[in-house]
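These notes concern the structure reproduced below.
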Number of protein chains: 2
Amino acid sequence: MFSTNTYASRRNKLKTQVSEGLLLFLGNEESGMNYTDNTYHFRQDSTFLYYFGLDKAGLAAIIDVESGEEWIVGDEITIDDVIWAGPQPTLQEQAARVGVVKTLPKSALEAKIKGSLSAGRSVHFLPPYRPEHTLKINHWTDWALSDIPQKVSVEFVRAVINQRSYKTDEEIIELNRAVNISGQMHVNAIRATQAGKYEYEVVGTVHGTARSEGGDLAYPIILSVDGQTLHNHYHGNRLESGRLVLGDFGAETAMHYAGDITRTWPVDKTFTQQQKEIYQIVLEANINVINALRPGITYLDCHNLAWRTVVEGLKGLGLLEGDTDEMVALGVPALFMPHGLGHMIGMDVHDMENLGENYIGYRDGLERSKLLGLKSLRMAKELETGFVLTIEPGIYFIPELIQLWESQGKFQEYIQYDKLNPYRGFGGVRIEDNYLITKDGAQLIGDPIPKTIAEIEALRS
Amino acid sequence: MFSTNTYASRRNKLKTQVSEGLLLFLGNEESGMNYTDNTYHFRQDSTFLYYFGLDKAGLAAIIDVESGEEWIVGDEITIDDVIWAGPQPTLQEQAARVGVVKTLPKSALEAKIKGSLSAGRSVHFLPPYRPEHTLKINHWTDWALSDIPQKVSVEFVRAVINQRSYKTDEEIIELNRAVNISGQMHVNAIRATQAGKYEYEVVGTVHGTARSEGGDLAYPIILSVDGQTLHNHYHGNRLESGRLVLGDFGAETAMHYAGDITRTWPVDKTFTQQQKEIYQIVLEANINVINALRPGITYLDCHNLAWRTVVEGLKGLGLLEGDTDEMVALGVPALFMPHGLGHMIGMDVHDMENLGENYIGYRDGLERSKLLGLKSLRMAKELETGFVLTIEPGIYFIPELIQLWESQGKFQEYIQYDKLNPYRGFGGVRIEDNYLITKDGAQLIGDPIPKTIAEIEALRS
């Protein structure tokens, strides 16, 4: 946990950003897996953590913008709770730890919210992303379930994004920690790879490493010889000689800051010539973007720089023909890189995604494109000092997508469909690092881990 | 997945157990962790798996009891789904794999359910344990949210319990597999234990082992030097010489059958004299119950046999004085073992707990006790051939509970409170195995793993 003052000053700033009313913060509940009491590991809501730091289930919080009053809402534990879950500080003690003076039992929350509404004051809340949040708001306000999405407070959303987007020094320390654990997970995975093993055996190494460092996964592990499936969570394939493994995974620290690294490595100890050729293009795209990072550049331009590098590289291999700028403008490279270049990262791996990507990554005058690839670009606007982002270009050979486009004759003047056959079963390559935007450029988060072909191969010798 | 015939014949039997109407099976959705798309690992509903076997998010199923018709309800995937999540069989192909002929798009479900209700037919559903289930039922029926718990079909609940309680040979094979992985997790944990490490380092070994075998955890890992906290999910303590580690964890296989083992071992390579004395009593309780297992005995009697063994043992150490039967009848041993002896296990670690413990473990004429310990006894009724259960007695020294009872003068004629001081900081001991009830006794699930003091110590040498 950060210092009491950190949380108090974050809240003080927030109070100046919203005009009137109550701010309602919904902490998360335990989440039942196959029955109520068999829960997934508890994950607190990130915005709740950002302003109130308390990492326990079943809490809420309120800020009265005008009076400045703050309440932690929750119930005291019973002796049965002590027997099953261990002793805990009182709610008052927990609140004091993060600089909040007042507490309120859960049963008093409904009256407080309804009282405020009937006095004509706003009750601001953020977009509910767990169904229990929707049920709670319905219960506390009597708003119809179907009306709740329209009642979300855009003013509150913008105020939170305006704080959480700029990472402070103490947050950078946590992010470095998260990325370093993530790096160790990758080094261990690459070393554990061996033809004949199953993907899940390497997954065990990866997950075990994350937990051994006191945290857990920041997101579900992607580790597959079918790297062309972008978010592949199947781990039942055997690692066959000749194939590539794409690993996209990262840790979240005990304080819930995330790391997000992707590396791609061969099942064998060395890359094949074909693998090297594709890998090198992706590596160049990754490095070109990193060299371009600075305040003021749009992330859309960074994405297009990656696409341009991919196009140039694939032209060199004869898979594309024609004018690079034309192809980028038309979205031709989406056949090979049908996803966005990256996203903000912080307490959430896609930071603040629950608040709405368009509020985070876009602005007035910068609308999201509908083109394949660009429609998944989570961040497009100008970069600013203090932003932390992932840079994750890739090249994939997705049989179903190639087949679809070819059958439609799509971009056939550029794409040399007949030359794609040798890449069936290739899979995909993605290379991803995390960067902090600084005053005059960008800085790698975490210590460097192997990234070039030579460095990756050296891990296996 | 089991054979097509397995699922079809389970459903055919079910149809004979419910009198009329539609049976509605709610498959689970992906469960967002800190935003919608950052999900916990997907866990299908166990009853859905039992009758329909399909391990994918976003499905439902219906059986028309009178006509015998069956539908898998879901939507076909798009090219975007292929890009992000990989190619999949069509819904029709998936349904055929489990012997279901008809499919229905999700959009058609509401009309089907409302049509059935307005024709005066029942729509049977099981108790919703995830908030999205409640929201769906509300949407499909227009029943008020607060009315939904009362609308649960007890007839459907009883019919499902009447099938899932009796494990078939093919299920026993899966349970053996789950328990064997769980055993390996324990052996690895005991071997990885070393003074100076942190609990989470051993937790990493445990979780990594589960995933390396292709499954995942059956429930959150309990691994703590504070074993007196029964469901302790905190792993930040340092393993100090002189303390005990209580580890309660198990794997679930890729087919979602669970193992559930507890072992207790010293941080050091050997137990202290005090630890040995308590351990031996718990081991005797464990073995006494196992020897008593057979069809016809009530599990309540088994629980009381464990309590009796604990009382006798603690009398031997001078911590209790008086008549054993009296103490058991009054619930005195709950100070040391404030939980039930065990529970059914199958696809759920507490099998079918979402259907209601009292339907599973109790019957007319056998009401649940309100005494500490017994109120947490999930299973009390007569054992039958084919039941699979955990046997998990324990002894704990819970400072807060001892202090509470002592301050109330509770059972002071039996409990020698002044003799409990040397056990402050002892923690707890629990020893748990999984047993199948057979025609003439019981059979251990999985291969034996170290259990006696000598066997545990031998793992460390």
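Bear in mind that the values in this text are calculations on the coordinates, not laboratory data. All values derive from a computational prediction rather than experimental measurement. Note: ideal-geometry Cβ built from the backbone for every residue, glycine included; neighbour counts use all protein chains shown.
Data overview
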{"quantity": "The range B:4-164, relative contact order in percent, only Cα pairs under 8 angstrom and at least six apart counted", "calculated": "25 percent"}
{"quantity": "Radius of gyration, Dmax [the range A:117-276; alpha carbons; angstrom]", "calculated": "21.5, 71"}
{"quantity": "Kirkwood Rh, angstrom, the range A:346-461 [1 / mean 1/r, Cα pairs]", "calculated": "17.7 Å"}
{"quantity": "Gyration tensor (alpha-carbon) shape descriptor, the range B:237-333, a/c threshold 1.5", "calculated": "oblate"}
{"quantity": "Cβ-based charge dipole, chain B, positive-most Cα from B:Ile72, B:Leu49, B:Thr438", "calculated": "B:Thr438"}
{"quantity": "Computed magnitude of the charge dipole of chain B (debye, nearest 20; Cβ of K, R +1, Cβ of D, E -1)", "calculated": "180 debye"}
{"quantity": "Cα centroid separation, the range A:34-103 to the range B:108-146 (Å)", "calculated": "34 Å"}
{"quantity": "Cα-based convex hull, the range A:92-171, per residue volume (Å³, whole number)", "calculated": "139 Å³"}
{"quantity": "Within the range A:4-164, percent of DSSP bridges classed antiparallel, to nearest 5", "calculated": "70 percent"}
{"quantity": "Computed FRET value (nearest 0.05) for B:Thr298 with B:Asn5, which takes r as the C-beta separation and R₀ as 25 Å", "calculated": "0.10"}
{"quantity": "Residue-span extension gain [A:Gln88 to A:Asp440] - 0.36 nm each, minus C-alpha spacing", "calculated": "122.1 nm"}
{"quantity": "Reachable lysines, given that their alpha-carbon falls under 22 Å from the alpha-carbon of A:Lys197 and they are not under 8 places away in the same chain", "calculated": "A:Lys269"}
{"quantity": "Long-range HN-HN contacts of B:Gly227 with modeled amide H, under 5 Å", "calculated": "B:Leu246, B:Gly428"}
{"quantity": "Between 0 and 90°, nearest 10: helix A:399-408 axis offset from chain A longest Cα axis", "calculated": "70 degrees"}
{"quantity": "Computed E for A:Gln274/A:Lys106 - FRET, C-beta separation, R0 56 angstrom, nearest 0.05", "calculated": "0.40"}
{"quantity": "Chain A, relative contact order in percent, only Cα pairs under 8 angstrom and at least six apart counted", "calculated": "14 percent"}
{"quantity": "Folded to 0 to 90 degrees: helix B:109-118 orientation relative to chain B principal axis, Cα", "calculated": "90 degrees"}
{"quantity": "Pairwise centroid distance, computed over Cα atoms, of the range B:350-417 with the range B:187-221, Å", "calculated": "28 Å"}
{"quantity": "Magnitude of the charge dipole, the protein assembly as shown, Cβ model with Lys/Arg +1 and Asp/Glu -1, debye to 20", "calculated": "160 debye"}
{"quantity": "Neighbour-count order for B:Met1, A:Met327, fewest beta carbons within 10 angstrom listed first", "calculated": "B:Met1, A:Met327"}
{"quantity": "Taking A:Ser9, B:Ser153, B:Ser461 and counting other C-beta atoms within 10 Å, the order from fewest to most", "calculated": "B:Ser461, A:Ser9, B:Ser153"}
{"quantity": "Centroid-to-centroid separation of the range A:421-436 and the range A:243-278 [C-alpha atoms, Å]", "calculated": "9 Å"}
{"quantity": "In degrees, nearest ten, helix B:299-316 long axis to first principal axis of chain B (Cα)", "calculated": "20 degrees"}
{"quantity": "In sequence order, calculated HN-Hα J values of the range B:267-274 (Karplus, 6.51, -1.76, 1.60; Hz; x Gly/Pro)", "calculated": "4, 7, 6, 10, 6, 6, 4, 4"}
{"quantity": "For A:Gly21, residues with placed amide H under 5 Å, excluding near neighbours", "calculated": "A:Val65, A:Glu66, A:Ser122"}
{"quantity": "Size of electric dipole in the range A:192-248: Cβ of Lys, Arg +1 and of Asp, Glu -1, about Cα centre, debye, nearest 20", "calculated": "120 debye"}
{"quantity": "Candidate aspartates and glutamates for bridging to A:Lys13, where Cα separation is under 15 Å - those fewer than 8 sequence places away on the same chain excluded", "calculated": "A:Asp64, A:Glu66, A:Glu69, A:Glu70, A:Glu155"}
{"quantity": "Equivalent ellipsoid semi-axes, chain A, via Cα gyration tensor eigenvalues times 5, rooted, Å", "calculated": "43, 25, 20"}
{"quantity": "Over the protein assembly as shown, equivalent-ellipsoid semi-axes from the Cα gyration tensor in Å", "calculated": "47, 32, 31"}
{"quantity": "Karplus (6.51, -1.76, 1.60) ³J(HN,Hα), θ = phi - 60°, over the range A:346-357, in Hz, Gly and Pro reported as x", "calculated": "x, 6, 9, 5, 9, 4, 6, 4, 5, 7, x, 4"}
{"quantity": "Sorted by Cβ neighbour density within 10 Å, fewest at the top, the residues B:Thr324, B:Thr262", "calculated": "B:Thr324, B:Thr262"}
{"quantity": "Rg/Rh (Cα only; Kirkwood hydrodynamic radius) as it applies to the range A:4-164", "calculated": "0.95"}
{"quantity": "Global geometry of the range A:66-135, whether rounded, prolate or oblate, following the gyration tensor of its Cα atoms and the 1.5 cut on a/c", "calculated": "prolate"}
{"quantity": "Projected label distance in nm at A:Ser19 and B:Ala192, using a 7 Å step from Cα toward the beta-carbon", "calculated": "5.5 nm"}
{"quantity": "Other-chain or far-sequence residues with amide H under 5 Å of B:Met33's (modelled H)", "calculated": "B:Asn38, B:Thr39, B:Tyr40"}
{"quantity": "Nm distances between copies for B:Asp325, ranked from closest, using label points 7 Å along Cα→Cβ", "calculated": "9.8"}
{"quantity": "The range B:294-379: C-alpha pair distances exceeding 23 Å, %", "calculated": "27 percent"}
{"quantity": "Estimated vicinal HN-Hα couplings, Hz - the range A:383-392 in sequence order (Karplus 6.51, -1.76, 1.60; Gly, Pro = x)", "calculated": "7, 9, 3, x, 5, 10, 9, 9, 10, 9"}
